[in-house]
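The values are calculated or read from the model by the stated rules, or taken from the named source; none is laboratory data. Quick caveat: nothing in here was measured; it's all calculated off a predicted structure. Here the Cβ positions follow ideal geometry from the backbone for every residue, glycine too, while neighbour counts run over all protein chains shown.
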Amino acid sequence: MGAFGHYLAAHLDTLKLEFWALFVGGVANGLLYGMIAVGYTLVYGVLRLINFAHSEIFMSGGFAGYFVMRYFVGAGAPPAGMSSVGLIILGVLVGGVVGAIVATILERVAYRPLRKRNAPKLAYLISAIGASYFLFNLAGKEFGHLAYATPQPYINHPVFHIFGAPVQMYFVIIFLVGLVMFTTLDRVISKTRLGRGIRAVAQDAETASLMGVNIDRTIAITFIVGGTLGGAAGFLFGLGYGVVYTMGFVPALKAFTAAVLGGIGNLRGAMIGGLILGIFESLSVVFVQAAYIDVVAFGILVTVLLVRPTGILGERLGRAA
Amino acid sequence: MRTLLAKTAVRRLLITLGVMAVIELMTGPPGNNAQPLYGFTHSFDEPASFFGLFPAERWAIFFVFGLVFWGITSFWITQGPTVKKRVQDALAVPRAKTQKRPVRIGVLAGLLVVAIILPHVETAPFWQAAMVEQIEVYVLLAIGLNVVVGFAGLLDLGYVAFYAIGAYTTAWVTGALPTPPIFDHALNPFFAIPVAIALVMVAGIVLGAPTLRLRGDYLAIVTLGFGEIITIFANNLYGITGGSLGTKQIPHPSIHLGPIKYVWGITPVPYYYLTLSFVVLFIIVFSLLERSRIGRAWTAIREDEVAAESVGINPLKYKVMAFAIGAASAGFAGVVTASQLFYIFPSSFTLQFSINVLVLVILGGMGSIAGVVLGAILIQTLTAFLLHSPPAGYQPSDLYIYLGALLVTMMIFRPAGLIPSRRRKREITLSEDLHEGHLDEVLTGDDT
């Protein structure tokens with residue numbers, strides 16, 4: 001056994017010890033990535049373009065949630081019981097609503113004028129990058145360039161154990177919110193009239209409009225749905241890691257990786273891609289230094305794009321979820 | 001209410017006032033962690049005055065601005081076409097003259113003379129330094145990125161990586177890195193120029209060969225990630241790059257050729273001329289390239305990759321070439337920066353930087369070298385001016401808010417830039433007119 005073998009053996013032992021703790025953290029992160037990835041995938045479905053400014057929707061949701069917590073919890077002791085639950089629901093709602101508002105403004109200002117005159121694709125990308133740049137730097141100016149720690153609306157104690165690994169309250173919250181959001185979204189897209197409209201536009205916009213689907217409205221709604229999930233994810237992320245004006249960049253790049261990994265345009269793919277990426281990334285902590293974790297996610301993105309650009313589940317634009 | 005909103009004039013007024021509110025926020029006082037909403041409230045009710053003339057609260061001043069601007073746009077909408085036509089008629093004769101070759105060459109020579117005497121006219125040390133660090137370096141970067149974005153139509157958001165490689169190569173060759181230099185003893189930065197340019201071109205090929213197969217939007221995000229990774233590596237590989245502490249001192253370039261001895265010192269003017277000569281060189285090479293077979297291949301790929309492939313152009317080959325050639329000027333810019341500033345730090349090579357350069361290209365006009373140079377000079381002069389004498393309440397980081405807003409505004413109102421490249425402009429209008437009526441394409445803006 002060579003030096004590499006020893007290295008591997010030593011790290012595999014650590015992995016065995018830490019596996020479940022890392023796994024739980026990975027699933028939580030993965031759910032957050034999935035929630036952001038849904039925004040990329042939906043917009044890609046109807047517009048065939050990557051919404052580069054999605055990271056700033058996430059960031060605005062984070063700040064909105066922060067201010068709610070600051071107002072209701074402040075510096076006091078974290079509440080417990082039903083008031084915790086109420087505050088979390090409120091935070092998710094406000095984060096989602098603010099995310100949806102920012103997404104709508106974004107669509108109106110940075111996308112619709114270009115769409116109306118059929119600009120080349122490069123123009124969309126540049127406009128979206130400009131919008132993203134504008135938004136996060138404006139946030140940096142208004143809220144300062146230092147990070148805020150979000151006041152905790154709950155007591156972060158281990159709720160239960162999986163194979164000896166504690167599962168913190170924070171993770172439980174993410175599991176529950178993520179589960180509710182994904183199930184609702186899946187239902188909405190596959191069962192309701194609204195979801196049918198979105199799927200129709202994703203499949204063939206021209207035909208859909210001939211069948212009486214209002215394209216402008218459908219696109220606006222797509223942005224709202226993606227923005228809601230992104231904003232809510234921003235709140236949840238901010239609860240655990242604090243908020244700062246640049247908070248959107250790295251999670252959004254990873255969420256984009258998740259969307260591509262699962263197959264862009266594919267809703268369930270986005271969720272599965274998020275989970276896989278979150279778990280893989282969390283476990284890779286054992287093998288690489290923390291500073292290079294972002295490099296791992298990016299390496300996955302490049303590999304997937306080169307080897308299987310359609311992702312795990314394939315691009316399934318417009319089909320049921 | 002609804003009928004009132006349906007009137008376009010009313011809607012335009014509301015939009016104008018909304019934009020004014022955003023500008024108030026952009027220019028207002030900043031908030032901070034202790035008072036996170038300070039910026040929001042004080043942007044509107046802080047007392048201010050219009051150049052000391054009309055003291056009033058900010059919102060009132062901007063409200064008046066909004067009304068005036070609304071008046072101008074209303075006038076433009078009714079009278080715009082006639083005014084435009086008159087201006088075009090008046091400009092027709094001088095414009096036709098500028099098309100003539102001797103006139104063009106004369107204008108260019110005149111501009112070059114202005115560039116040569118400029119450091120003797122403006123002798124303030126701040127501006128002399130700014131001419132090299134803020135303007136020339138950015139002109140180099142902008143014309144390089146223009147090859148990639150403008151000529152070949154590839155959105156590279158990690159362009160800073162090439163600049164960083166150029167700068168770190170200089171440090172390496174001159175022995176300022178913890179890594180031992182290639183040759184036994186430290187070298188003059190002059191030797192770094194060919195090494196850096198060669199290395200960044202290789203980096204362009206290495207990065208481009210796998211990623212340039214990807215579609216435009218994927219390419220953008222992959223290059224963005226690549227730019228980030230270069231920073232992460234530069235920050236963390238202490239043994240190779242010196243980590244976040246930066247490099248050791250990088251020597252100045254010098255010439256020792258028999259009787260000629262010259263050392264580039266601390267003063268920026270010699271650097272100005274050294275860089276200027278390379279700026280001119282790169283401009284000539286890039287404009288010759290644009291008119292060559294390669295340049296036409298880039299245009300063909302940009303306009304329609306499938307059609308280009310069907311007439312025998314290998315898209316991947318030409319895209320990789322664009323990447324490598326565009327990187328060359330960034331590599332040289334890196335050499336200049338490193339040898340002039342003595343030290344380099346990973347924190348100078350961030351995503352913000354790539355986007356800053358992109359703004360120069362977009363403002364000037366993608367694909368138009370004259371436009372890109374103008375864009376770089378305009379924005380960087382303004383940046384230097386804001387750095388030199390910042391207005392009240394301005395922080396250096398506010399610049400990026402303005403640049404972001406500028407990108408969106410340009411894409412909405414003038415996507416071809418200030419001086420549009422003729423080919424590029426025709427393409428944009430063609431794509432916008434041709435597909436009219438094709439709903440699917442109108443929706444997706446799909447030009448492939």
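Hey, does segment A:45-62 have a residue that's assigned to a loop (DSSP other than H, G, I, E, B), within 14 Å of chain B (Cβ to nearest Cβ) and more than 26 Å from the chain's Cα centre (by Cα)? No, every residue in segment A:45-62 fails to be assigned to a loop (DSSP other than H, G, I, E, B), within 14 Å of chain B (Cβ to nearest Cβ) and more than 26 Å from the chain's Cα centre (by Cα). When B:Leu154 is tested against (1) surrounded by 16 or more Cβ atoms within 10 Å (Cβ to Cβ); (2) assigned to a helix (DSSP H, G or I), just one condition goes unmet, and that condition is (2).
Of all the criteria given as (1) among the polar types (S, T, N, Q); (2) farther than 14 Å from A:Thr222 by Cβ; (3) out of contact with any Asp or Glu (no Cβ under 8 Å at 6 or more places or on another chain), the one not satisfied by A:Thr41 is (2). The set of residues in segment A:235-286 being within 26 Å of A:Tyr66 (Cα to Cα) and not in a helix (DSSP H, G or I) consists of A:Gly242, A:Val243, A:Val244, A:Tyr245, A:Thr246, A:Met247, A:Gly248. Here B:Leu363, B:Leu434, B:Leu382, B:Leu374 are screened, and the one residue that is at pLDDT 90 or above and surrounded by fewer than 16 Cβ atoms within 10 Å (Cβ to Cβ) is B:Leu382.
Using the structure shown, decide if B:Ala90 is assigned by TED's automatic domain parsing to the domain that holds B:Val10, free of Cβ contacts under 8 Å to residues at least 60 places away in the same chain and out of contact with any Lys or Arg (no Cβ under 7 Å at 6 or more places or on another chain). Considered against the rule, which asks whether it is assigned by TED's automatic domain parsing to the domain that holds B:Val10, free of Cβ contacts under 8 Å to residues at least 60 places away in the same chain and out of contact with any Lys or Arg (no Cβ under 7 Å at 6 or more places or on another chain), B:Ala90 comes out as no.
Filtered by the rule that a residue be small (Gly, Ala, Ser) and either touching a residue at least 24 places away in the same chain (Cβ under 8 Å) or touching a helix residue (DSSP H, G or I) at 6+ places or on another chain (Cβ under 6 Å) (or both), segment A:108-126 gives A:Ala110, A:Ala123. Of the residues A:Lys191, A:Lys121, the single one that is within 14 Å of chain B (Cβ to nearest Cβ) and charged (D, E, K, R) is A:Lys121. The residue pairs whose first member lies in segment A:127-148 and is more than 7 Å from chain B (Cβ to nearest Cβ) and more than 15 Å from B:Ser354 (Cα to Cα), whose second member is among the acidic types (Asp, Glu) and crowded, with 24+ Cβ neighbours inside 10 Å, and whose beta carbons are closer than 6 Å, counting only pairs six or more residues apart or on different chains, are A:Leu135/A:Glu56; A:Phe136/A:Glu56. A single entry from B:Thr247, B:Thr275 fulfils the requirement of being hydroxyl-bearing (Ser, Thr, Tyr), away from chain A (no Cβ under 14 Å) and in a loop (DSSP other than H, G, I, E, B): B:Thr247. Screening the candidates B:Val202, B:Val137, B:Val206 for the property of being buried (at least 24 other Cβ atoms within 10 Å of the Cβ) and closer than 28 Å to B:Leu288 by Cβ yields one hit, B:Val137. When you scan segment A:273-315, how many residues do you find that are farther than 21 Å from A:Lys16 by Cα and touching a residue at least 60 places away in the same chain (Cβ under 8 Å)? Total meeting the criteria: 2.
Yes/no per residue for (1) crowded, with 24+ Cβ neighbours inside 10 Å; (2) within 14 Å of chain B (Cβ to nearest Cβ); (3) in a helix (DSSP H, G or I):
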residue: A:Val27; (1), (2), (3): no, no, yes
residue: A:Tyr40; (1), (2), (3): yes, yes, yes
residue: A:Ile88; (1), (2), (3): no, no, yes
residue: A:Gly96; (1), (2), (3): yes, no, yes
residue: A:Ile101; (1), (2), (3): no, yes, yes
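Checked against (1) closer than 24 Å to B:Tyr138 by Cβ; (2) away from chain A (no Cβ under 14 Å); (3) surrounded by 14 or more Cβ atoms within 10 Å (Cβ to Cβ), B:Phe226 passes all but condition (2).
Taking segment B:395-430 as the search range and keeping residues that are among the small types (Gly, Ala, Ser) and within 8 Å of chain A (Cβ to nearest Cβ), which one is farthest from B:Leu157 (Cα to Cα)? Of everything passing the filter in segment B:395-430, B:Ser397 is farthest from B:Leu157 (Cα to Cα).
Which of the residues belonging to segment A:282-317 are within 14 Å of chain B (Cβ to nearest Cβ) and either surrounded by fewer than 15 Cβ atoms within 10 Å (Cβ to Cβ) or closer than 18 Å to A:Leu15 by Cα (or both)? Write out each step before concluding.
Of the residues in segment A:282-317, the ones within 14 Å of chain B (Cβ to nearest Cβ) are A:288-311, A:315, A:317.
Result: A:Val288, A:Gln289, A:Ala290, A:Ala291, A:Tyr292, A:Ile293, A:Val296, A:Thr303, A:Leu306, A:Val307, A:Arg308.
A single entry from B:Thr231, B:Thr179 fulfils the requirement of being in contact (Cβ under 8 Å) with a residue 24 or more places away in the chain, not in a loop (DSSP other than H, G, I, E, B) and not charged (D, E, K, R): B:Thr231. Taking the conditions exactly as written (of a type outside the set (Gly, Ala, Ser), crowded, with 17+ Cβ neighbours inside 10 Å and at pLDDT 85 or above), does B:Thr444 satisfy them or not? No; evaluated as a whole, the condition is false for this residue.
Can you pull out every residue in segment A:106-120 that is part of a helix (DSSP H, G or I) and buried (at least 17 other Cβ atoms within 10 Å of the Cβ)?
Here is the first cut: in segment A:106-120, the residues part of a helix (DSSP H, G or I) are A:106-116.
Those that are part of a helix (DSSP H, G or I) and buried (at least 17 other Cβ atoms within 10 Å of the Cβ): A:Leu106, A:Glu107, A:Val109, A:Ala110, A:Tyr111, A:Leu114, A:Arg115.
For segment A:161-208, enumerate the residues that are of a type in the set (Gly, Ala, Ser) and outside any strand (DSSP E or B). Show your work before the answer.
Let us first name the residues in segment A:161-208 that are of a type in the set (Gly, Ala, Ser), namely A:164-165, A:178, A:190, A:195, A:197, A:200, A:202, A:205, A:208.
Across segment A:161-208, the qualifying residues are A:Gly164, A:Gly178, A:Ser190, A:Gly195, A:Gly197, A:Ala200, A:Ala202, A:Ala205, A:Ala208.
Looking only at residues in segment B:74-115 that are among the polar types (S, T, N, Q) and farther than 30 Å from B:Leu13 by Cα, the one that is surrounded by the most Cβ atoms within 10 Å (Cβ to Cβ) is B:Thr98. Condition first: on the phi > 0 side of the Ramachandran plot and surrounded by fewer than 23 Cβ atoms within 10 Å (Cβ to Cβ). Can you find one or more residues in segment A:124-134 that meet it? Checked segment A:124-134: no residue is on the phi > 0 side of the Ramachandran plot and surrounded by fewer than 23 Cβ atoms within 10 Å (Cβ to Cβ). A:Gly238 satisfies every condition listed in (1) touching a Phe, Trp or Tyr at 6+ places or on another chain (Cβ under 6 Å); (2) at the interface with another protein chain (Cβ under 10 Å from one of its Cβ atoms) except (2). Residues in segment A:149-167 that are among the hydroxyl-bearing types (Ser, Thr, Tyr) and either without any contact (Cβ under 8 Å) to a residue 40 or more places away in the chain or within 14 Å of another protein chain (Cβ to nearest Cβ) (or both): A:Thr150 only.
Hydrophobic (A, V, I, L, M, F, W, C), out of contact with any His (no Cβ under 7 Å at 6 or more places or on another chain), over 24 Å from A:Arg268 (Cα atoms) and modelled with pLDDT under 85 - does that describe any residue in segment A:141-150? Please lay out each step first, then the result.
Pass one, segment A:141-150, residues hydrophobic (A, V, I, L, M, F, W, C): A:143, A:146-147, A:149.
Imposing the further condition that a residue be out of contact with any His (no Cβ under 7 Å at 6 or more places or on another chain) reduces the set to A:143, A:146-147, A:149.
Keeping just the survivors that are over 24 Å from A:Arg268 (Cα atoms) gives A:143, A:146-147, A:149.
Those left that are additionally modelled with pLDDT under 85: none.
No, segment A:141-150 contains no residue that is hydrophobic (A, V, I, L, M, F, W, C), out of contact with any His (no Cβ under 7 Å at 6 or more places or on another chain), over 24 Å from A:Arg268 (Cα atoms) and modelled with pLDDT under 85.
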